[in-house]
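The values are calculated or read from the model by the stated rules, or taken from the named source; none is laboratory data. Quantities reported herein were computed from a predicted structural model and do not represent experimental measurements. Glycine also receives a Cβ, built like all others from the backbone with ideal geometry; neighbour counts cover every protein chain displayed. Note: accessible area is taken over every heavy atom of the protein model, side chains too, but ligands, DNA and RNA are not part of it. Shrake-Rupley method; radii C 1.70, N 1.55, O 1.52, S 1.80 Å.
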Amino acid sequence: MAKNMKKARKAKEDTPQMLKRRAKKLVIGIFLGSLIAGLCFTMLYPIFKLFPNVTSDLTDLGNPDVIWIPINRSFLSFQAAWRFIMKSGAMTMVYSLLYAAAIVAVQIFVSAMVGYALARINFPGSKLIFMLVLFVFLVPPQALLLSQYIHFKNFDIMGIITMFTGGTIDLINKPVTLFLLALLGFGVNQSLFVFIFRQFFTNTPKELEEAALIDGCGFHKTYFSIMLPNAKPAIATVAVLGFVWNYGDTYYTGYFHPDGPYLSYILTNTFQSANEYFILNAMQEWYRLPMASSFVFDAVKQAGALIYMVPLLIVYFIAQHWLVENIENAGIVG
């Protein structure tokens with residue numbers, strides 16, 4: 001009896017419709033697997049291609065026999081890149097990391113307050129202000145550069161500084177300018193951070209605020225004691241994204257504080273094509289190379305990029321698991 005039932009189930013499962021469904025799932029699975037594998041290969045191929053260049057002996061660069069495995073291993077490319085971009089030694093990277101962390105802290109503080117106000121306070125023009133926040137995110141930063149540069153070149157606060165000092169203050173090439181941009185909501189992609197916090201607080205149950213009001217909490221105490229601590233998913237998302245973007249920023253640092261110790265700007269400025277002759281001469285002098293071609297310049301440049309990427313890779317591997325979950329909880333999707 002049991003054998004007959006098994007045969008009947010098997011015959012039922014082998015109907016044409018079931019076979020079509022299985023074939024369809026198999027085809028879709030193969031397609032999605034191939035697509036994911038192709039995308040991974042496309043993204044990782046440039047990184048894998050770097051290692052044979054930066055780990056080869058400088059005299060072997062340009063050798064057509066070297067494709068994936070170097071003939072003679074050497075790390076002179078990393079040593080040279082370190083000497084070129086680390087103007088103050090390891091402190092150059094430390095300064096860049098501290099700058100990115102400080103800017104992110106300011107952006108979180110300001111963006112969270114603005115996002116909470118737009119989500120919870122019904123005041124005239126709130127929707128218009130939210131639309132303007134989104135508009136700022138869509139407008140290219142180059143469109144605002146001239147007005148921002150003139151404003152900080154002749155910085156004044158409603159004529160108060162001129163009244164007391166007799167003139168304006170030049171804030172160009174001073175680190176305070178970058179912090180003022182973040183404080184005023186014009187930091188790197190800061191309008192996106194306002195959007196993240198606004199969506200998160202919109203989806204937060206209002207019962208939390210009602211319970212806090214019953215317990216005697218005012219508006220500000222409710223925000224700092226209840227709402228902000230519960231916004232850890234949004235804070236974590238903004239912290240990771242803000243750190244990555246500020247650490248790699250070359251636009252604002254290049255225009256408003258070009259002399260600052262920012263590794264991203266130093267890397268971009270050092271390995272310009274105009275500096276190739278200088279870098280090749282320095283390589284010949286430092287490491288007694290009989291000749292240095294453009295392959296040596298590219299190898300040192302790529303080694304510098306890998307050194308620059310180390311903190312980003314560490315942050316990504318630590319945060320990549322919960323970053324996706326926090327983005328979803330913050331209201332980016334759905």
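DSSP loop trypsin sites (Lys or Arg not before Pro) in region 200-303 with at most 11 other Cβ atoms within 10 Å of their Cβ, which ones?
Details: sites: LYS206, LYS221, ARG288, LYS301; in loops: LYS206, ARG288.
Hits after loop and neighbour filter: LYS206, ARG288.
Say we join alpha carbon atoms closer than 10 Å with springs in a Gaussian network model of the chain; which of ASP298, ASP215, ASP249 then has the biggest fluctuation?
Maximum fluctuation in the GNM of the chain, among the listed residues, is at ASP215.
log10 I(q)/I(0), Debye, Cα-only region 127-204, no solvent, q = 0.20 Å⁻¹?
The calculated log intensity ratios at q = 0.20 Å⁻¹ are -0.94.
Quick check on the chain: helices-only [θ] at 222 nm, where DSSP H runs of length 4 and up contribute -39,500 (n - 2.57) each and the sum goes over total residues. Nearest 500, please.
Numbers: 16 runs with 233 residues, N = 334.
It lands at -22500 deg cm²/dmol.
Between LYS24 and PHE109, what length comes free when the chain is fully extended (0.36 nm per residue of separation minus the Cα-Cα distance, one decimal in nm)?
Extra length from LYS24 to PHE109 when fully extended: 25.6 nm.
Suppose every Lys and Arg Cβ carries +1 and every Asp and Glu Cβ carries -1, with no other charges. What dipole size does the chain come out with about its Cα centre, to the nearest 20 debye?
Using only the charged Cβ atoms, the result is roughly 2040 debye.
What are the residues whose amide H is under 5 Å from the amide H of SER56, where those residues sit 5 or more places off or on another chain and H is modelled from the backbone?
Residues meeting the amide H criterion: SER74.
Heavy atoms only, 1.4 Å probe, whole protein assembly: order PHE195, PHE179 by accessible area, highest first.
Ranked list, largest accessible area first: PHE179, PHE195.
Quick check for you: with a 1.4 Å probe and neighbouring chains kept, what is the accessible area per residue of region 95-182, in Å²? Working shown, then result.
Values: 5150 Å² over 88 residues.
Value for region 95-182: 59 Å² per residue.
Provide ASP170, ASP259 ordered by accessible surface of protein heavy atoms (probe 1.4 Å), highest first.
ASP259, ASP170
Mind ranking 226-233, 25-32 by how tightly packed they are, going by the mean number of other C-beta atoms within 10 angstrom, highest first?
Top of the packing list down: 226-233, 25-32.
Considering only ASN269, GLN284, MET131, whose Cα is most displaced toward the positive end of the charge dipole of the chain, charges sitting on Cβ of Lys, Arg (+1) and Asp, Glu (-1)?
My answer, from the dipole projection, is MET131.
What do the square roots of 5 times the Cα gyration tensor eigenvalues come to for region 75-223, in whole Å, largest first, as semi-axes of the equivalent ellipsoid?
Semi-axis lengths for region 75-223 are 36, 24, 16 Å.
Counting only protein chains, not ligands or nucleic acids, how are THR250, THR165, THR92 ordered by accessible area (probe 1.4 Å), most first? Let's see the in-between values first.
Values: THR250 55, THR165 95, THR92 0 Å².
If we order THR250, THR165, THR92 from most to least accessible, we get THR165, THR250, THR92.
Go through region 41-50 residue by residue and turn each phi into a ³J(HN,Hα) via Karplus (6.51, -1.76, 1.60, θ = phi - 60°); whole Hz please, and just put x for glycine and proline.
Ordered by residue, 3J(HN,Hα) equals 5, 4, 7, 8, 4, x, 6, 4, 5, 5 Hz.
What FRET efficiency would be calculated for the residue pair ALA211, ILE71, taking the C-beta separation as r and a Förster radius of 51 Å, to the nearest 0.05?
Numbers: r = 70 Å, r/R0 = 1.37.
About 0.15, to the nearest 0.05.
Please state, as a whole number in µm²/s, the translational diffusion coefficient that the Stokes-Einstein equation yields for region 82-161 at 37 °C and 0.692 mPa s, with Rh defined as the Kirkwood radius across alpha carbon pairs.
199
Solvent-accessible area per residue for region 210-305 at a 1.4 Å probe radius, Å²?
50
Taking the Cα of MET91, stepping 7 Å toward and past its beta carbon, and measuring to each backbone N in region 239-267: which are under 18 Å?
It comes to 259-264, 266, nothing else.
Taking 0.36 nm per residue of separation and subtracting the Cα-Cα distance, what length does fully extending HIS151 through LYS232 add?
25.7 nm is the gain from fully extending HIS151 to LYS232.
Could you give each residue of region 220-237 its phi-based ³J(HN,Hα) in whole Hz, using Karplus coefficients 6.51, -1.76, 1.60 with θ = phi - 60°, and x for Gly or Pro?
5, 5, 4, 5, 6, 9, 10, 6, 5, x, 7, 8, 4, x, 5, 4, 5, 4
I want to verify the translational diffusion coefficient of the chain in µm²/s; compute it with Stokes-Einstein, Rh as the Kirkwood radius over Cα pairs, at 4 °C and 1.567 mPa s.
52
Residue by residue through region 137-150, which ³J(HN,Hα) values in whole Hz follow from phi under the Karplus form 6.51 cos²θ - 1.76 cosθ + 1.60 (θ = phi - 60°), with glycine and proline marked x?
5, 7, 6, x, x, 5, 5, 9, 4, 4, 5, 5, 5, 5
Using every pair of alpha-carbon atoms in region 191-306, split the distances into 10 Å bins beginning at 0 and state the percent of pairs per bin, rounded to integers.
With 10 Å bins starting at 0, P(r) equals 11, 25, 19, 15, 13, 9, 6, 1.
Please report, in Å, the Rg and the Dmax of region 172-250, where both are computed over Cα atoms only.
Rg and Dmax of region 172-250, Cα atoms, are 15.7, 50 Å.
At a 1.4 Å probe, what is the % contribution of carbon and sulfur to the accessible area of the chain?
Heavy-atom surface of the chain belonging to carbon and sulfur, 1.4 Å probe: 68 percent.
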